[in-house]
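Nothing in this text is a laboratory measurement; each read-out follows from the coordinates by a stated rule. Quantities reported herein were computed from a predicted structural model and do not represent experimental measurements. With ideal geometry, Cβ positions are generated from the backbone for all residues, glycine too; neighbour counts draw on all protein chains shown.
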Amino acid sequence: MKYAGILLAAALVLGASGLSYAQETIKGKVVSVDEATGKISIQISGTTGAGASMAPTQFKVQDGLVFNAVKPGDQVSITTENVNGVPTIKSLKKE
């Protein structure tokens, strides 16, 4: 019985660790703001060479008030997190 308890505890710890999401801070320029779909497209800064022509990346917005704070052309720093497999803006700061 003790062995089963240890296995259950280990399974719970391993399962809970899969719920955490890695955060990433990204700098770039707002390309488009689409409040209807809840997404913002950002051209990520710091790419050079072949990556410089990379298409803007779309991010889902967690807090709808972000749409009032930015417009295309703004330089921003965002903190993102994958929520259910979707890159999502957790915080945004204008540069």
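Couple of notes before you dig in:
- Global form of region 54-95, assessed from the alpha-carbon gyration tensor, a/c cut-off 1.5: oblate
- Three-way shape call for region 21-94 based on the alpha-carbon gyration tensor, with the a/c threshold at 1.5: oblate
- Local net charge near SER45, Cβ-Cβ under 9 Å (Lys/Arg +1, Asp/Glu -1): +2
- Summed residue charge, Cβ within 14 Å of GLN75's Cβ, Lys/Arg positive, Asp/Glu negative: +3
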